[in-house]
Amino acid sequence: MVSKLDLLFGVLITAALMQFQIVFVIGEPQVPCYFIFGDSLVDNGNNNGLVTAAKANYTPYGADFPQGVTGRFTNGLTVADIIGQLLDFPNFIPSYATATNSEINSGVNYGSGGAGIRDETGRNLGDRISLNRQLLRHATIVSRLSNLQRNKTFTNEYIQKCIYIVNMGSNDYINNYLMPNNYPTSTIYTPYQYARVLIQQYSQQLKSLYKLGARKIAVFGLGFIGCTPAEIATFGTNGEPCVESINSATMLFNDRLSPLINDLNNAFFDARFTFINISSISAPQEGVVLPNVPCCQTRSDGQCVPNSVPCSDRTMYTWYDGFHPTEIANRFLASRSYAALSPMDASPYDISHLAQL
Ligand SMILES: *[C@@H]1O[C@H](CO)[C@@H](O)[C@H](O)[C@H]1NC(C)=O
Ligand SMILES: *[C@@H]1O[C@H](CO)[C@@H](O)[C@H](O)[C@H]1NC(C)=O
């Protein structure tokens, strides 16, 4: 997530991206398929049929999306959509909820708002597809693909060439640890211990993904959750721009995630895991700084008020609602995940290099 966005820089990147798309729009995707695991930052409609407050299938979500409302938690494209475009996929990757047999060979999006590394995370909002359940869904997709392709060797080789992104952990803080009235985790664990237990569980889950055939896996670190308008409204900032206690708790998670990625690369010599450092990408920069306020009117849970009128210039805001970036902020995150501007943005590989390996 973005705390402050250097507007000028963002606009330059966007202009560069548009050129890129114009030049490369014709042709094959760089990899045969692209699978997306995560939470509301990548959800493209999986929650629409669930009983949960964590769904975005109403206006003003989708105000700038070609098909309007889809369940995406932003005005336009998600970070996962934009990475797909940068990988030259001609269409958006379908949600698991709607994917047909003819679509699944280009990949599936399992993202679910409210979901976490821990199964109970997000329960306060209602139903959600936790990472464990997303992995079970992926196992069914792999066997469907195998049945369709009718050649196990071919399918195994095929899915090894794909890009997998995993964007998890924000809700294990927002909709778990930071809600002491709903969850006991903050009384059981210090922030340091909690980061450790999350990373232990995440490690098992990433190994499961490997066992399901994934070999090119980009894992996103956490952004500055303490800078989201909703957390600022809930906790206050003591005169700082952000809730520093939240940012320092989530940094403990990031500090352990990067070494986990190195460990996984050492343990599985035929796999390439990479760490996408969202806190490096979204660190405050020189130049015009956008305030941490939402574009839409928000409900008490941080989501947009249904049918409310959003801000008119969505390129001037980092946040669409109380938690989720606008498309322009997503463009900034996606472009630097894809093509790192600094070695700190992505290590050991950015997504463009992961695709070529
Ligand atoms: C199955 O796929 C492998 C790998 O692409 C290929 O070498 C083999 O010839 C295929 N087998 C059949 C029966 O088509
Ligand atoms: C991630 O970015 C932060 C800067 O926000 C930096 O302190 C940290 O070292 C980076 N991590 C890696 C593994 O590069």
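The values are calculated or read from the model by the stated rules, or taken from the named source; none is laboratory data. Everything numeric in this text was worked out from a predicted model, so none of it was measured. Note: ideal-geometry Cβ built from the backbone for every residue, glycine included; neighbour counts use all protein chains shown. What goes into the accessible areas is simple: the full protein's heavy atoms, side chains included, and nothing from ligands, DNA or RNA. Shrake-Rupley method; radii C 1.70, N 1.55, O 1.52, S 1.80 Å.
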Residue-span extension gain [ASN57 to GLU103] - 0.36 nm each, minus C-alpha spacing: 14.4 nm
Rounded to whole Å and ordered largest first, report the semi-axes of the equivalent ellipsoid of the chain derived from its Cα gyration tensor (root of 5λ). 28, 23, 21
Run the accessible area of the chain with a 1.4 Å probe and give the carbon-and-sulfur part as a rounded percent. 56
Using a Förster distance of 30 Å, how high is the FRET efficiency between SER143 and SER300, based on the Cβ-Cβ distance and rounded to 0.05? 0.10
Selection from TYR189, ALA233, ALA339, by position along the positive dipole direction of the chain (Cβ): TYR189
Largest first, what is the accessible-area ranking of GLU28, GLU103, GLU244 with a 1.4 Å probe? GLU28, GLU244, GLU103
For 208-221, 191-204, ranked highest to lowest by mean beta-carbon neighbours within 10 Å, the order is 208-221, 191-204
Could you give me D for segment 224-357, from Stokes-Einstein at 10 °C and 1.306 mPa s, where the hydrodynamic radius is the Kirkwood radius over C-alpha pairs? Units µm² s⁻¹, please. 96
Could you give me the ³J(HN,Hα) list for segment 159-175, computed from phi with Karplus coefficients 6.51, -1.76, 1.60 and θ = phi - 60°, whole Hz, x at Gly and Pro? 6, 6, 8, 7, 9, 10, 10, 10, 10, 9, x, 4, 6, 5, 9, 4, 10
Derived scalar couplings ³J(HN,Hα) [segment 67-81; Karplus, 6.51 cos²θ - 1.76 cosθ + 1.60; whole Hz; x for Gly, Pro]: 8, x, 5, 9, x, 6, 8, 7, 6, x, 8, 7, 4, 5, 4
Among 156-164, 225-233, how do they line up from the highest to the lowest mean number of other beta-carbon atoms within 10 Å? 225-233, 156-164
Considering the dipole of the chain built from charges on the beta carbon (Lys and Arg +1, Asp and Glu -1) around the Cα centre, which of MET168, PRO306, PRO94 is farthest to its positive end? PRO94
Solvent exposure of segment 4-356 as accessible area per residue, Å², 1.4 Å probe: 40
Result: in segment 4-356 the number of Lys pairs with C-alpha under 25 Å apart, spaced 8 or more or on different chains, is 8
